[in-house]
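The values are calculated or read from the model by the stated rules, or taken from the named source; none is laboratory data. None of the values given here were measured: they were computed from a predicted structure. Methodologically, a virtual Cβ is constructed for each residue, glycine included, from the backbone with ideal geometry; neighbour enumeration extends over all protein chains shown. Surface areas here come from the heavy atoms of the whole protein model, side chains and all, with no ligands, DNA or RNA. Shrake-Rupley method; radii C 1.70, N 1.55, O 1.52, S 1.80 Å.
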Amino acid sequence: MQTIFSYIDRDTFVHRLHPVTKLGHVLLTLIIILIPYGPTLESALALSVWLAFSAVLWGIAGISLRQFWSLFKILLATFVFLILIQGFMYRGGEPLLVLGHLPISGGADLGVVTDAGLLFGLLLCVRVLVAVSALPLFISTTTISRVMAALNSMGVPNRFTFMFVSSLSFTNLIFEMWNSIIEAQKLRAFDIESMPLWQRARRAYVPVIVPLILLLFRKGNDLEVALKSRAFGSTHRPTQVEVLEVTWRDHLMVAVMLGVFGLCLWIRLFWK
Amino acid sequence: MAVFGANGAGKSTLCYLLSGMIPNIYGGRRRGRVEVCGIDPWDHPINEIAQRCCMVLQDPEAQLFMPSLEMELAFGPANLGVPREEIMRRVEEALEVVGLKGLNRRNTNALSGGQKQRAALASVLTILPDLLVLDEPTSQLDPLGTKEVLEAIRNVREGHQVSILMTTHKTEEVMGLVDRCMVLKEGRVVALGPPEEVLSQVDLLEEAGVQPPTTARVFSAVSPWLPRGEALRPEADPDRAAGSLRRLLGAGALRLVPREVPESPGADAVGEPILQVQEVTFSYPGTPPVTALKEVSLDIRQGEFVGLIGQNGSGKSTLVKALVGLLRPQRGRILFKGEDLSRLSVGNIATRVGLVLQNPDYQLFSISAEREIAFGLENIGLAPERREERIHEVLEMVGLEHVRETFPFKLSFGDRRKLAVAAVLALGPEVLIMDEPTTAQDYRGRYLLAELAQRLRERDDRTIIMISHDMDLIARYADRLVVMYEGRVLLDGPTREVFREAEALRKTFLAPPTATQLAAGLASEGMPADLLTVDELLARLEKGGH
């Protein structure tokens, strides 16, 4: 099943970029969301421009809108929470909806929803969306082997990059085992998923976690045998199999990224 | 060289000693001497031994950890600092040898079981070892996967200067592949020599817990009737074995005994429908969705022993999961005694239809065998005063009463499987489904659960559904076969009749049991072509006049 965090095998402009260029996009995204924003139009515009830029990259990378929608759905509850909490708690702005009066310290009134509060809540949502839109773009368009090569090219030791990769494959294995064990226990009338939360916490996880740990020990042992049998840990300097090249695409991408980034900064700081 | 032996005979220990896993990973004490390609693995670090001797394990999942097939194959030589161009050349060559050419960029998770094991084999081939140690490389594969892996091993053998040592239980499949065989029993070598010599010693193999090839059993049984000096060697190819028997029949050394073939149990021999699958369709979500069951309809009757066969991916497991409520069909209905299962929870269904999984270790977690069984009984809310009685009953049924207070993980794999059966039986299901009861079992262990199922059927009139790739087992126990192919029921009928459909079975990469193939090869001599077991075949042969 395709998820927003799995690699999509295509041959697009974004796929062909050097992983470090794509990490640059993630880094600039982080900077963009860390800039302080007030409930103003220019803040909304600056964030929207970067979000639109990321969306264009998603489109070029061939990531379907459905996956963007999946991401949005996951975050929907958070968005509603942010908008409501800021709507009621934000100090300042004109009242839009008065449900009563419950003033709290700092000047906010829990009974009043203000326009500035709503806008600030919306801005926070866009910020979250901007933040989470960058990483899936990187993961969906970069094979793990290219990530490894990029990490190695940045001087990360081979053992660490291998640990990173094997932990990813082990994570998948844990999920698969977890689901298999839950299914196996359901066959003995033990349905963890339909239990109330307090009951789950009290007794539900032992029948799942004990077999999981024991199975993981066994798998870990097999993995060690498989690794050693392929000379892992040899004294030779490991050969870099995946070759990464910086091409005109990377130069173009860096130029466009910096341009859009500069535009966002200008809108945020100077646009009136 | 093939190494045979029962579970615990020392096969894996031998592999670990040769590949240096002992003492580098597993501890132990050793007497005597081991020399692999001129070095003693005891005295060298494992990455040094790996340049001479590499090992492939039985579980393909545990051996693949890189994101793509190409990276997987490059991993070994890259660790040894082999230049990139040379690595890529070796990768291409290894992929071709194991029949995975063109799949360089494929994610290893997306490979089938047989492909994964071939990938594991290729991943050590790129190191160019002198010795390959394969520890039961086909034990977890379906017939197609087994065939693919053995074909790959044959290619490696023919195209590379590499020696291969392979442990296995599958005597029949490897007979035509190996130069020498070794039989281990309780840690000792009891036979060593060419396959036709070792595998013809039926009594010795039986005693060592190794399944003799069907042709060896037949030839051994008829050998006292042969003229002096006439000897038959076991054959990997049933047609050639049938040719030898035809020759003896023609020469008068053997004679056919006319006997009626037992009738297959008809619909009137069993009860009313207990499970009804009505036009069930199920698709797994994804882009695009994968339809695993396509309008499957099936009636299972009370007291039937049904064999469910087909390749991996044919829909067997999905069907079984739908029968126990783990998957809910998007279309169609499943009825248990007329009651729609979609209205019941998985727990409620478990008291009607029980499923015993391949691997008991996904279920067992308690501190004792009896607590393990009590767990299910608590879940269905059985009164405490009745639990003790039920625990005693099911432990006795599976023959584990003497270990009721033992920690389940201290039990042997076979006993853990029996305990998992007991835990399912305790819930009182009228239908018992067993998923591949022969997995990871040796010759003695493989019929253990099938025998148990047979007893339950005879004693309590329980209905048994058994998924298996083992055609000999299916032929011996099931009186009806359902063959799944691409999400549909391809064949459904009495076992004898289904095995007559050799052409249709070939489409699903399944073959009738060797005894049936031998009988078919003797049909021109008057042998009934639909025999199922060696015993049935031998009952129709006797000493000839000459």
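Worth a mention:
- Listing of strands (runs of 3 or more DSSP E) fully contained in the range B:251-331 that carry 2 or more residues being more than 24 Å from the chain's Cα centre (by Cα) and in contact (Cβ under 8 Å) with a residue 24 or more places away in the chain: B:254-256, B:273-284, B:290-301
- For the range B:292-308, a tally of residues being open to solvent by 20 Å² or more (accessible area, probe 1.4 Å) and not small (Gly, Ala, Ser) returns 5.
- The lone criterion from (1) open to solvent by 60 Å² or more (accessible area, probe 1.4 Å); (2) in contact with a strand residue (DSSP E or B) (Cβ under 8 Å, 6 or more places away or on another chain) left unmet by residue A:187 is number (1).
- Residue in the range B:122-132 that is within 14 Å of chain A (Cβ to nearest Cβ), at pLDDT below 90 and buried (at least 21 other Cβ atoms within 10 Å of the Cβ) present: no
- Filtered by the rule that a residue be surrounded by fewer than 17 Cβ atoms within 10 Å (Cβ to Cβ) and in contact with a Leu (Cβ under 8 Å, 6 or more places away or on another chain), the range B:352-385 gives a lone residue, B:380.
- Qualifying residue in the range B:90-104 (condition: within 12 Å of chain A (Cβ to nearest Cβ), at pLDDT 90 or above and closer than 24 Å to residue A:242 by Cα): yes
- Just one residue in the set B:47, B:79 is in contact (Cβ under 8 Å) with a residue 24 or more places away in the chain, touching a Gly at 6+ places or on another chain (Cβ under 6 Å), under 14 Å from residue A:228 (Cα atoms) and at the interface with chain A (Cβ under 8 Å from one of its Cβ atoms); that residue is B:47.
- Single unsatisfied condition, residue A:216 versus (1) within 28 Å of residue B:12 (Cα to Cα); (2) facing another protein chain (nearest Cβ under 8 Å): (2)
- Candidates B:63, B:58: the one that is more than 7 Å from every other protein chain (Cβ to nearest Cβ) and polar (S, T, N, Q) is B:58.
- If you check A:260, A:246, A:225, A:254 for being more than 23 Å from residue B:420 (Cα to Cα) and open to solvent by 80 Å² or more (accessible area, probe 1.4 Å), only one passes: A:246.
- Residues that are open to solvent by less than 70 Å² (accessible area, probe 1.4 Å), modelled with pLDDT under 90 and more than 20 Å from residue B:483 (Cα to Cα) occur at least once in the range B:284-291.
- When the range B:217-234 is filtered for residues that are of a type in the set (Ser, Thr, Tyr) and under 28 Å from the mean Cα position of the chain (by Cα), only B:220 remains.
- Restricting the range A:177-199 to residues that are more than 9 Å from chain B (Cβ to nearest Cβ) and outside any helix (DSSP H, G or I) leaves a set whose member that is nearest to residue B:321 (Cα to Cα) is A:195.
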